[in-house]
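Note sheet for the following structure.
The values are calculated or read from the model by the stated rules, or taken from the named source; none is laboratory data. Only a predicted model underlies this, so the values are computations on that prediction, with no experimental measurement involved. In this analysis, Cβ positions are derived from the backbone assuming ideal geometry, glycine residues included, and neighbour counts consider all displayed protein chains.
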Amino acid sequence: MIIKSGIAVSPGIAIGPALLFGVRSFRIPQRFVAVDAVDGEVTRLRLAIQTVAKSIEQSQESASRQLGSEYAAIFGAHLMMVQDPKLLGEVETLIRTKCFSPEFACSRVFRNYARSLQNLGNAYMAERAADVLDLEKRVMNALLGESRRDLSNLSHPAVILAHNLTPSETASLDRKNVLGFATEGGGRTSHTAILAGALELPAVVGVGSFLSDVSVDDVVIIDGSNGKVVIDPDEATLAGYRFVLSQQKSESHRLASLNSGAATTLDGVRIQVMGNIEFPQEVQHCIERGADGIGLYRTEFLYIGADHSPSEEEQFNSYRAVVAACNDRPVVIRTLDLGADKIPGGDSIFHTNAENPALGLRSIRLSLRYISLFKTQLRGILRAGCGGRVKIMFPLITSLLELRQAKLILRDVMDDLAEERIAFSRDVQVGMMVEVPAAALQARIFAKEVDFFSIGTNDLIQYALAVDRSDPNVAALYSSADPAILTLLKMTVDAAREQGIPVTICGQMSSDLRFIPLLIGLGVRTLSVTPFAIAEVRDLIRHLSVSQAEEIAEHALTLDLARDVDNYLRGELQRIYPEKQ
Ligand code: PEP
Ligand code: MG
């Protein structure tokens with residue numbers, strides 16, 4: 001049994017066979033197979049070799065078609081090598097005589113072969129060693145892994161283990177069969193992590209190197225609540241986790257029973273608890289858990305999950321479905337926030353080679369660059385506004401000119417729709433995300449030009465602390481409790497209150513119970529949280545008074561270290577909401 005730790009990003013327990021996905025490099029543990037399994041293992045090896053040979057043939061054909069036969073010859077040499085009876089004979093002998101696993105036997109034989117080519121002292125032959133190692137990788141992929149696109153359609157339930165999953169790969173996971181996932185890379189508020197929450201899949205990211213310790217079909221436990229990955233668990237551990245799994249089911253029943261009635265503090269202040277969604281199907285989860293509406297609809301997932309740019313009609317249909325399901329509850333539709341780590345699959349204008357994509361052409365900057373794309377989306381949103389209470393929100397606003405330009409385009413779109421006599425909602429409220437430190441610093445000025453603010457703490461923290469939200473190497477530096485963050489939050493909330501506009505917190509910080517008293521104490525009255533957190537956040541609010549929350553915020557603001565803020569808030573939460581412990 002091997003236990004690894006990472007960042008817990010989506011709660012719950014998943015137990016199932018491992019499926020290794022896009023394995024980047026291999027360090028095969030010395031694994032043996034039982035004597036009576038040898039024949040089966042040899043068959044597995046032969047099938048893997050056939051798969052590799054087939055894929056080399058395909059590469060050969062396409063190289064020949066596109067580049068000419070001289071380039072295809074490279075693949076001809078690979079094909080001969082992977083089918084070389086002497087090489088395969090050596091691998092099979094190791095499996096049969098020493099009971100090596102095919103992975104270990106292949107690795108031994110291929111690496112020995114590469115080493116002897118390297119030692120010939122001939123530059124040409126040394127280069128062939130790289131080909132052998134490439135072949136080793138292909139055979140390992142066939143033995144251990146599964147090709148990337150297959151994740152949307154698995155043949156059986158499995159736990160996905162990967163070096164990294166992109167948001168588009170995560171969005172296309174087979175929801176019926178994927179039990180949970182763990183990745184070597186990724187950070188707490190990476191979009192892959194946020195999607196895990198949306199899909200309600202237990203997930204751990206930022207585990208660091210662990211894939212080489214796992215073989216396909218090993219039983220793996222993902223503990224998404226405590227950030228643990230257990231590989232090949234012993235019986236006692238397995239039984240323990242199965243027990244926790246059954247307890248969780250009763251905890252979710254307890255929370256489900258708490259959903260009736262408003263989220264009101266002990267001293268009678270009503271707090272709106274809204275849901276964050278990426279897909280229209282999530283609205284139902286939010287409503288069932290008692291959400292007061294949708295506080296953040298991340299519309300870029302219409303692009304991320306699709307193989308083409310969605311048309312006005314497709315967008316309108318998705319927005320209308322969300323608005324209808326909300327049944328007169330407010331829906332905040334955020335315009336496209338593509339870029340940085342949110343890039344759709346396939347070829348598209350959104351792909352970038354920028355060195356710092358988080359600081360590049362992302363989000364509202366992209367919408368303002370591609371105005372017809374932006375207008376198409378705004379038309380879809382305004383038309384959907386007829387069916388309910390839609391609000392429009394612009395992401396990543398940094399300067400006032402940017403905001404004014406976006407509002408101007410919105411007005412243009414309204415004029416076009418009116419001219420075309422297409423029904424739309426003219427009185428939609430227009431708000432902006434405060435997620436760039438510049439916007440928080442200038443909040444007093446911005447507050448005069450929008451109907452509402454929504455603070456995106458995920459990006460605000462990334463940009464204020466200069467910590468990539470997706471990079472596990474700096475995950476320990478990414479802290480919601482940093483005094484600088486508290487100061488930016490206070491500035492923004494004070495500016496909104498002065499100007500009399502509402503302010504929501506829609507970053508992951510508002511889904512973390514520890515921060516709820518602080519946020520309410522700062523003056524926030526609307527929280528937009530990840531669907532699985534809605535019931536618990538509402539329950540906590542009922543255990544809290546605003547005066548108590550104000551004292552907590554006041555004291556937290558006097559602390560100089562993130563660590564002290566964190567410990568203080570943890571202690572207060574324990575006092576206020578012992579149910580959670
Ligand atoms: C945020 O940055 O806090 C936010 C809510 O937006 P996203 O996570 O989609 O960048
Ligand atoms: Mg953001």
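Tell me the residue from Ile516, Ile461, Ile445 that is within 15 Å of ligand 1 (Cβ to nearest atom), in a helix (DSSP H, G or I) and either of a type outside the set (D, E, K, R) or within 18 Å of Val273 (Cα to Cα) (or both), please.
That would be Ile461, the only listed residue that is within 15 Å of ligand 1 (Cβ to nearest atom), in a helix (DSSP H, G or I) and either of a type outside the set (D, E, K, R) or within 18 Å of Val273 (Cα to Cα) (or both).
Considering only the stretch 163-182, how many residues are part of a strand (DSSP E or B) and within 24 Å of Asp337 (Cβ to Cβ)?
The number of residues fulfilling the criteria is 1.
Does the stretch 492-509 hold any residues that are within 16 Å of ligand 2 (Cβ to nearest atom), outside any strand (DSSP E or B) and not aliphatic (A, V, I, L, M), and which are they?
Thr492, Cys506, Gly507, Gln508 - these are the residues of the stretch 492-509 that are within 16 Å of ligand 2 (Cβ to nearest atom), outside any strand (DSSP E or B) and not aliphatic (A, V, I, L, M).
Here is a list of conditions, (1) buried (at least 21 other Cβ atoms within 10 Å of the Cβ); (2) away from ligand 2 (no atom under 14 Å from the Cβ); (3) not hydroxyl-bearing (Ser, Thr, Tyr), and Asp471 meets all of them except one; can you say which number that is?
(1)
Just the residues that are at pLDDT below 75, of a type in the set (Gly, Ala, Ser) and in a helix (DSSP H, G or I), please, taken from the stretch 130-156.
Listed by number, the list holds a single entry, Ala130.
Hey, can you tell me all the residues within the stretch 427-445 that are touching a helix residue (DSSP H, G or I) at 6+ places or on another chain (Cβ under 8 Å) and away from ligand 2 (no atom under 16 Å from the Cβ)?
Val428, Val430, Leu441, Gln442, Ala443, Arg444, Ile445
Please name all residue pairs, on different chains or six or more residues apart, with Cβ atoms under 7 Å, provided the first residue is in the stretch 287-304 and is over 16 Å from Ala321 (Cα atoms) and the second residue is part of a strand (DSSP E or B) and more than 16 Å from ligand 1 (Cβ to nearest atom).
Asp292/Gln272
Kindly check whether there is at least one residue in the stretch 152-175 that is over 24 Å from Asp84 (Cα atoms), without any contact (Cβ under 8 Å) to a residue 24 or more places away in the chain and among the acidic types (Asp, Glu).
There is at least one residue in the stretch 152-175 that is over 24 Å from Asp84 (Cα atoms), without any contact (Cβ under 8 Å) to a residue 24 or more places away in the chain and among the acidic types (Asp, Glu).
Yes or no: Leu417 away from ligand 2 (no atom under 16 Å from the Cβ), surrounded by 13 or more Cβ atoms within 10 Å (Cβ to Cβ) and within 22 Å of Asp494 (Cα to Cα)?
Answer is no for this residue.
Keeping to the stretch 209-255, report how many residues are over 20 Å from Ala158 (Cβ atoms) and in contact with a helix residue (DSSP H, G or I) (Cβ under 7 Å, 6 or more places away or on another chain).
Summing the residues that are over 20 Å from Ala158 (Cβ atoms) and in contact with a helix residue (DSSP H, G or I) (Cβ under 7 Å, 6 or more places away or on another chain) in the stretch 209-255 gives 1.
Restricting attention to the stretch 479-486, does a residue exist that is without any contact (Cβ under 8 Å) to a residue 60 or more places away in the chain and away from ligand 1 (no atom under 12 Å from the Cβ)?
There is at least one residue in the stretch 479-486 that is without any contact (Cβ under 8 Å) to a residue 60 or more places away in the chain and away from ligand 1 (no atom under 12 Å from the Cβ).
Kindly indicate which of Asp415, Asp427 is part of a loop (DSSP other than H, G, I, E, B) and not polar (S, T, N, Q).
Asp427
Filter the stretch 346-396 down to the residues that are under 13 Å from Val331 (Cβ atoms), in a strand (DSSP E or B) and either away from ligand 1 (no atom under 16 Å from the Cβ) or not β-branched (Val, Ile, Thr) (or both) and list them by number.
Those that are under 13 Å from Val331 (Cβ atoms), in a strand (DSSP E or B) and either away from ligand 1 (no atom under 16 Å from the Cβ) or not β-branched (Val, Ile, Thr) (or both): Arg389, Val390, Lys391, Met393.
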